[in-house]
Amino acid sequence: MKTRRDFIQQVALTAAAVPLLRLPAIAHPLREESQLRVAFMGLGGYANRVADAMKDCTKARITGAISGTPSKLSDWQQRFNIPAANCYNYENFDKIKDNPDIDVVYVTTPNGLHHSQVLRIAAAGKHVICEKPMALNAREGQEMVDACKKAGVQLLIGYRMHFEPKTLAINNMRNSGVFGKVKFFQGQCGFTIGDPTQWRLNKELAGGGSIMDIGIYAINGSRYMTGEDPIWVTAQEVKTDPVKFKPGVDETIMFEMGFPSGAVASCLSTYSMNYLDRFYLIGEKGFAELQPSTGYGPIKGRTHLGELTQPHKTHQTVQMDEMADIILRGKKPVIPVNGEEGVKDLKIIDAIYAAVKSGKKETLHLG
Ligand code: NAD
């Protein structure tokens, strides 16, 4: 006879299998004409990480690059076999409109540049993948969503965790009722930031501080871990180094959120602590923990039923193959990655900054 525990383990195994089933058993590349052709804009640290990971993609490949630095363009041409005709700078990239070798532009520039660049890419009729945070505030984010809609192109946000196997397993277990009614989420995200002159500490380019860069993982995670969007937020800021963290650039923010079901969340975002990368979900019947929860991996996780054993895959390889299916073949991801999701996270960030200022509970309308 099957026990309840057998049933729960079966659900967990099925959940674990879902993301794996989506990957081909043997990585046969799609025919070239069925692959997503990607141009990167802003050839910095993260662009290089994604581009290297794309060497193992079977459904997406790099065909173009946009940079203000000619030496980076020639380096990328050599490393990724990009024709010179598919390389652009920030002045002339609108001409990408006439380039049939590029389907999508992946925007990996500093946050403050995303808005204007995405509007230009949409006007050039190309799909967009934009890194998080998609913009500096929800108003800008909504303008980007509207512009892409008007141009008939897709806008996705680089939410790589939405394709991560252990994250998806927890999502599936929660939907199957394994944790019971969700009561509490804890998200702790941070690292000690170095060079004080970097753009991440420049209000104009970053839009803020730790919340924009790393706290956004706890915000986004609170939504995909609980399966709900919050309806209120409270927040408190602590600043120990006002020289490094100028006005408008937050060092540490603690924030709390409430969800329609009555579940609550308690989160920490900081640029002043290392080893902070943990998600914890509590339900009436069990728990799930991810630690590390959003780093490049391997992600580690356990639930009240035991350790999660889904094998690690390079996040960016999976993300880009999945995004190829979304953009070219209309696949619906388990956890959405469209521009509207990016706007929701920015509405929460706007409300967190407002709550820090007001000291009051701010109401959220994520729509
Ligand atoms: P980076 O500084 O390493 O790269 C930024 C690139 O933009 C550089 O090549 C720089 O030359 C270029 N650039 C163009 N115009 C610029 C200007 N006016 N000022 C400064 N740089 C300019 O930064 P990064 O770590 O690659 O971050 C880029 C984006 O990717 C950010 O939005 C960040 O939040 C995001 N990111 C996402 C992840 C993730 O895991 N999803 C990880 C890291 C970064």
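The values are calculated or read from the model by the stated rules, or taken from the named source; none is laboratory data. What you see is a predicted model, and the numbers here were worked out from it, not measured in a lab. Cβ coordinates were reconstructed from backbone atoms using ideal geometry, including for glycine residues, and neighbour counts include every protein chain displayed. With ligands, DNA and RNA removed, areas are computed over all heavy atoms of the protein, side chains included. Shrake-Rupley method; radii C 1.70, N 1.55, O 1.52, S 1.80 Å.
Please specify each residue of the range 91-108 satisfying the condition of being open to solvent by 10 Å² or more (accessible area, probe 1.4 Å) and either under 17 Å from the mean Cα position of the chain (by Cα) or of a type in the set (A, V, I, L, M) (or both).
T108
When residues of the range 62-89 are filtered for being open to solvent by 30 Å² or more (accessible area, probe 1.4 Å), more than 16 Å from the ligand (Cβ to nearest atom) and assigned to a helix (DSSP H, G or I), how many remain?
Filtering the range 62-89 for residues open to solvent by 30 Å² or more (accessible area, probe 1.4 Å) gives 68-72, 74-75, 77-79, 81, 83-85, 89.
In the following step, the residues that additionally are more than 16 Å from the ligand (Cβ to nearest atom) were identified as 78, 81, 83-85.
Retained after the next criterion (residues that are assigned to a helix (DSSP H, G or I)): 78, 84-85.
The qualifying residues number 3.
Whether any residue in the range 190-210 is within 14 Å of the chain's Cα centre (by Cα) and under 28 Å from T317 (Cβ atoms) is what I want to check. So that I can check it myself, show each step before the final result.
Restricting attention to the range 190-210, the residues satisfying the condition of being within 14 Å of the chain's Cα centre (by Cα) are none.
Scanning the range 190-210, I find no residue that is within 14 Å of the chain's Cα centre (by Cα) and under 28 Å from T317 (Cβ atoms), so the answer is no.
Report every pair of residues separated by at least 6 positions or lying on different chains whose Cβ atoms are under 6 Å apart, first residue within the range 82-100 and among the charged types (D, E, K, R), second within 16 Å of the ligand (Cβ to nearest atom).
Once the first residue is among the charged types (D, E, K, R) and sits in the range 82-100, its partners that are within 16 Å of the ligand (Cβ to nearest atom) give D94/R120.
Taking the criterion of being of a type in the set (K, R), more than 14 Å from the ligand (Cβ to nearest atom) and crowded, with 17+ Cβ neighbours inside 10 Å, would at least one residue in the range 189-209 satisfy it? Walk me through it before giving the result.
If we filter the range 189-209 for residues that are of a type in the set (K, R), which is where we start, we get 200, 203.
Narrowing further to those that are more than 14 Å from the ligand (Cβ to nearest atom): none.
No, the range 189-209 contains no residue that is of a type in the set (K, R), more than 14 Å from the ligand (Cβ to nearest atom) and crowded, with 17+ Cβ neighbours inside 10 Å.
Taking the conditions exactly as written (of a type in the set (K, R) and either open to solvent by less than 30 Å² (accessible area, probe 1.4 Å) or more than 12 Å from the ligand (Cβ to nearest atom) (or both)), does K59 satisfy them or not?
Working: of a type in the set (K, R): yes; either open to solvent by less than 30 Å² (accessible area, probe 1.4 Å) or more than 12 Å from the ligand (Cβ to nearest atom) (or both): yes.
Criteria met by K59.
Can you name the condition, by its number, that R302 falls short on among (1) touching an Asp or Glu at 6+ places or on another chain (Cβ under 6 Å); (2) under 18 Å from Y46 (Cβ atoms); (3) not in a helix (DSSP H, G or I)?
The single condition R302 does not satisfy is (2).
When the range 170-221 is examined, which residues are found to be β-branched (V, I, T) and over 18 Å from A138 (Cβ atoms)? Reasoning before the result, please.
Going residue by residue through the range 170-221, those that are β-branched (V, I, T) are 170, 178, 182, 192-193, 197, 211, 214, 216, 219.
Hits for the range 170-221 are I170, V178, V182, T192, I193, T197, I214.
Residues in the range 323-363 that are within 23 Å of C267 (Cβ to Cβ) and among the basic types (K, R): how many?
Residues meeting the conditions: 5.
From the list P298, P260, exactly one residue is within 19 Å of E164 (Cβ to Cβ), at pLDDT 95 or above and open to solvent by 50 Å² or more (accessible area, probe 1.4 Å). Which is it? Reasoning before the result, please.
Details: P260 fails: within 19 Å of E164 (Cβ to Cβ).
It is P298.
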